[in-house]
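The structure under discussion appears below in the form of structure tokens.
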Amino acid sequence: MRLLTLAAAAVLFIPALTAATLQAQTPQPTPETGNEPHWDYLGKYGPLNWGKLDPAWRACSKGKEQSPIDIRHAHLNKALQPIKFHYMAGPVTIVNNGHTIQVNVQPGSYILAGGVRYDLVQFHFHHPSEEAVKGKLSDMVVHFVHRSADGKLAVIAVLLNEDRGDPNAVLATLWNHLPTAAGQTEKITDLIDPGGLLPPDHGYWTYMGSLTTPPCTEGVHWFVFEQSMSISRAQLRTFAELYRINSRPLQDPHGRKIEANE
Ligand SMILES: [Zn+2]
């Protein structure tokens, strides 16, 4: 079901993102004390007001290609290539940045998507999942944030569900070192393999979207895996105790095309 042509991927235009934009996606440990205005997932500083909190965050309210979206009516495109993963295990830094738990990886892990190399920068979690599939949210989602040499972003989303209840081994190690206070950081010397959070089947839905946190910059190449991963009830509960809700609501797709590779 997978043909090897670059044509479909090559026509996808992804504007370059600046280093400053990536920095916003990977906030400093204590954003409240940094230059970034305060933002949150609920209330006055919540998602409905992000676009008003800073002129640079205008895309959050005015953008036409925002994320997350409800994945439905996907078109099969057999010309889309499979993503090639070159993830490696290594020590990581785990950060509670006040918005999520983020795992910063060392250089060396990357993917090839549409013939472009994107280096893995960090991965982080949302509860519940931000993206829906035919209207249904998952318990959690992990976002793997990658950046190409010329500043383009590609995010891979893996949905996490506790329906089967098996603990995930990578989460087990990470959660042993979970920084519980905002601004807290811990180095983990145990080797963490990000690939341990990927499902066996790499079939994906893909669409053009944005960062799901301020400044909501567009031009992000999204890949949402069709197969979800299982986590245990205890693993879900541990995260939910820290972040009851850290998900941006679904955004208007504005007629965007969603494609499936298989
Ligand atoms: Zn995210």
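The values are calculated or read from the model by the stated rules, or taken from the named source; none is laboratory data. As the structure is a prediction and not an experimental result, all values here were calculated from the model. FYI the Cβ positions are ideal-geometry reconstructions off the backbone, even for glycines, and counts take in every protein chain you see. Note: areas computed on protein heavy atoms with side chains; ligands, DNA, RNA excluded. Shrake-Rupley method; radii C 1.70, N 1.55, O 1.52, S 1.80 Å.
Summary of computed values
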item	result
Odd one out for Leu112, checked against (1) surrounded by fewer than 18 Cβ atoms within 10 Å (Cβ to Cβ); (2) closer than 26 Å to Leu178 by Cα	(2)
Exclusive hit being more than 16 Å from the ligand (Cβ to nearest atom) and within 18 Å of the chain's Cα centre (by Cα), set Lys152, Lys187	Lys152
Residue satisfying all of: in segment 20-49; modelled with pLDDT of 50 or more and of a type in the set (A, V, I, L, M); nearest to Thr93 (Cα to Cα) among these	Leu42
Every pair of residues 6+ apart whose Cβ atoms lie under 6 Å, when the first sits in segment 115-140 and is at positive phi while the second is modelled with pLDDT under 95 and surrounded by fewer than 23 Cβ atoms within 10 Å (Cβ to Cβ)	Gly115/Leu6
Output for segment 98-114, where each listed residue is in a loop (DSSP other than H, G, I, E, B), at negative phi and more than 14 Å from the ligand (Cβ to nearest atom)	Gln106, Pro107, Ser109
Selection count where residues are open to solvent by less than 50 Å² (accessible area, probe 1.4 Å) and at positive phi, scope segment 64-86	0
Which listed residue, of Pro128, Pro167, is more than 16 Å from the ligand (Cβ to nearest atom) and either modelled with pLDDT of 95 or more or open to solvent by 10 Å² or more (accessible area, probe 1.4 Å) (or both)	Pro167
Residues located in segment 137-162, provided they are assigned to a strand (DSSP E or B) and open to solvent by 50 Å² or more (accessible area, probe 1.4 Å)	Leu137, Arg147
Cβ-Cβ under 8 Å pairs, at least 6 apart or on other chains, segment 163-188 side assigned to a loop (DSSP other than H, G, I, E, B), far side open to solvent by 60 Å² or more (accessible area, probe 1.4 Å) and of a type in the set (A, V, I, L, M, F, W, C)	Pro167/Ala234
Tally of residues being away from the ligand (no atom under 16 Å from the Cβ), within 24 Å of Arg72 (Cα to Cα) and among the small types (Gly, Ala, Ser) across segment 131-149	1
Flag for Ser61 being open to solvent by less than 50 Å² (accessible area, probe 1.4 Å) and either within 14 Å of the ligand (Cβ to nearest atom) or among the polar types (S, T, N, Q) (or both)	no
